[in-house]
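So the structure is just underneath, and the comments pick up after that.
The values are calculated or read from the model by the stated rules, or taken from the named source; none is laboratory data. Since we're looking at a predicted model, the values are computed, not measured. Using ideal geometry, Cβ is built from the backbone for each residue, glycine included, and neighbour counts are taken over all protein chains shown. Just so you know, the surface numbers come from the protein's heavy atoms only, side chains and all, with ligands and any DNA or RNA stripped out. Shrake-Rupley method; radii C 1.70, N 1.55, O 1.52, S 1.80 Å.
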Amino acid sequence: MKKSSFSTKVGLIMAAAGGAVGLGNIWKFPYIAGENGGGAFLLVYLLCVLLFGLPLLVMEFMIGKRSGKSTYGAFRALSGTNRWQWMSWLCMLTAMVIMGFYFVVTGWCFNYLVEALVNAFSGLDSSALTEHFSVVSTNKPRMIAFTVLPVLLTAAVLWFDVNKGIERLSKILMPLLLLMMLLMAGRVLMLDGSNLGMQFFFQFDCAKLTSHVVMEAMGQCFFSLSIGLGALITYGAYMPKGQNIPAASLQVLVLDTLVAILAGVIIFPAVFAFGVNPEQGPQLVFVVLPAVLQQMSFAWLSSVLFFGLLCIAALTSTISLMEVAVAFVQEATADTRHPLSRRQSVSLVAALVLVLIMLCIFFPAMFDVSDQLTAGFTMPLTALCMAVFVGWGLPKRGEGSVLLHTKGTRRRAGQVFLFFLRWIIPLIILLVFLNGLGVLKF
Ligand code: PHE
């Protein structure tokens, strides 16, 4: 099998950051924060990022780089046994289930982009925009059309192989998205009443801190950083020689967190300025963002640019999600009598994803369950298992080479990292799970 690789170190970072930054930051983060008490959620979220983010990003990248394999072969290659193979399947399952609902939301973004192009939001207030969203999200033929489009685009990028497709896209457009969001934040903060939104988002209110908030924040942290399904294992396998993994991980983490906070700084002040309910769930940003964009100078251009960039941010994430599944299928079939080529694997995965998407469109409960099941359960669980795998499961020789002798990681830092993987991360995830299940009460 031809081994793909990123051509430059910046390319890898941009692709990984592009995979991490997406609808999780701009769509999901604000609505989950809105439902879970604003400031209380933000604080727990940041704690999760600090505790889990860096070690788990480094761990996934290292598993990928050291093994040179995707999620299918990585655990076997490193451990030399088949005992951990179920983790590969957990990764694949998670990627597929996420794609089912993620593409639906990406479809909404494409729908809004097209509407921005024809200036459909001009003059609509927040209640008309709420009405509008319910039309968009219940019209099935329209949803199908707008969802199939990003599936085809994602498949097309993968069809032409990672290094050419993903790098080019991410390198130019991510900084542009950040700039656009900064401008929007600047505009929103000038609206009357925006200070209440800043208070909601940044003021920590202990009374709002419940075990549900902690569960949601932890799930969101995994989802937003793309941890716990091998997305970074897959990209790690394509890493160029000499890449400094901790530095790359830190950059991905900082960028991802910045974009999420920036999204909050746009949404919450606007929520209060326009008098909309911050707890309205998945539709929140689709109601608030068009209204914010109408307030910008050059409203038409700003809307088109913003929704265009949002679609691309979503696409760089769907690319990384689909790459997990495609690399898995290709590697899983490589030694069989019917090895699938990259293009055959892309076609097979895209077809399966389309089925899952239809389930999410025709059975909205499936949409909610998919989200809960992945961010709330399989991602933290898989991350926990991977931490145990690297921290405890690898044979001594392998463990040393994977963790401590990697270039750029000093011995001391390696030991702290190992301590996190062995103790801190499994224990905290376990406690949060037990607490969420009501077995333990804090
Ligand atoms: N992290 C992405 C986002 O925030 C979603 C994603 C999850 C992408 C898992 C790849 C893997 O939108």
Matching residues in the range 422-438 - criterion: being surrounded by fewer than 18 Cβ atoms within 10 Å (Cβ to Cβ), farther than 15 Å from Glu216 by Cβ and of a type outside the set (Val, Ile, Thr): Arg422, Trp423, Leu427, Leu430, Leu431, Leu434, Gly438
Residue match in the range 268-283 (condition: of a type in the set (Val, Ile, Thr), under 30 Å from Met96 (Cα atoms) and part of a helix (DSSP H, G or I)): no
Meets criteria (buried (at least 23 other Cβ atoms within 10 Å of the Cβ) and either within 30 Å of Ser88 (Cβ to Cβ) or not small (Gly, Ala, Ser) (or both)) for Phe272: no
Pair list, Cβ under 9 Å, 6 or more apart: the range 226-242 residue touching a residue at least 40 places away in the same chain (Cβ under 8 Å) and closer than 11 Å to Ser67 by Cα, other residue hydroxyl-bearing (Ser, Thr, Tyr) and part of a helix (DSSP H, G or I): Ile233/Ser67; Ile233/Thr71; Thr234/Thr71; Thr234/Ser320; Gly236/Ser67; Ala237/Ser67
Every residue from the range 306-315 that is within 9 Å of the ligand (Cβ to nearest atom) and either closer than 17 Å to Thr71 by Cβ or modelled with pLDDT under 95 (or both): Ala313
Unique match (being within 30 Å of Thr8 (Cα to Cα), at pLDDT 95 or above and more than 16 Å from the ligand (Cβ to nearest atom)) among Ala247, Ala325, Ala332, Ala270: Ala332
Helices (runs of 4 or more DSSP H) enclosed by the range 15-97 - at least 1 residues per element that are within 12 Å of the ligand (Cβ to nearest atom) and open to solvent by less than 10 Å² (accessible area, probe 1.4 Å): 29-35, 54-67, 71-79
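Every residue, every condition in (1) open to solvent by less than 10 Å² (accessible area, probe 1.4 Å); (2) basic (Lys, Arg); (3) in contact with a Lys or Arg (Cβ under 9 Å, 6 or more places away or on another chain), yes or no:
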{"residue": "Phe101", "(1), (2), (3)": "yes, no, no"}
{"residue": "Val105", "(1), (2), (3)": "yes, no, yes"}
{"residue": "Val114", "(1), (2), (3)": "no, no, no"}
{"residue": "Asn119", "(1), (2), (3)": "no, no, no"}
{"residue": "Asp125", "(1), (2), (3)": "no, no, no"}
{"residue": "Thr130", "(1), (2), (3)": "no, no, no"}
{"residue": "Ser134", "(1), (2), (3)": "no, no, no"}
Residues being at pLDDT below 95 and open to solvent by less than 50 Å² (accessible area, probe 1.4 Å) - total across the range 335-359: 1
Per-region count, the range 275-303, residues more than 15 Å from Val105 (Cα to Cα) and open to solvent by 30 Å² or more (accessible area, probe 1.4 Å): 10
Condition check for Ser211: out of contact with any Ser or Thr (no Cβ under 6 Å at 6 or more places or on another chain), closer than 17 Å to Val44 by Cα, of a type in the set (S, T, N, Q) and away from the ligand (no atom under 16 Å from the Cβ): yes
Residue count for the range 389-405, restricted to those that are part of a helix (DSSP H, G or I), surrounded by 17 or more Cβ atoms within 10 Å (Cβ to Cβ) and at pLDDT 70 or above: 4
Subset tally (residues that are farther than 18 Å from Ala387 by Cβ and of a type in the set (S, T, N, Q)) for the range 33-80: 2
Residues of the range 262-319 classified as under 19 Å from the mean Cα position of the chain (by Cα) and without any contact (Cβ under 8 Å) to a residue 60 or more places away in the chain, total: 0
Residue in the range 291-305 that is within 16 Å of the ligand (Cβ to nearest atom) and at pLDDT 95 or above present: no
Cβ-Cβ under 9 Å pairs, at least 6 apart or on other chains, the range 186-210 side farther than 12 Å from Ile266 by Cβ and of a type in the set (D, E, K, R), far side open to solvent by less than 60 Å² (accessible area, probe 1.4 Å) and not in a loop (DSSP other than H, G, I, E, B): Asp192/Ala273; Asp205/Gly39; Asp205/Ala40; Lys208/Gly39; Lys208/Ala40; Lys208/Phe41
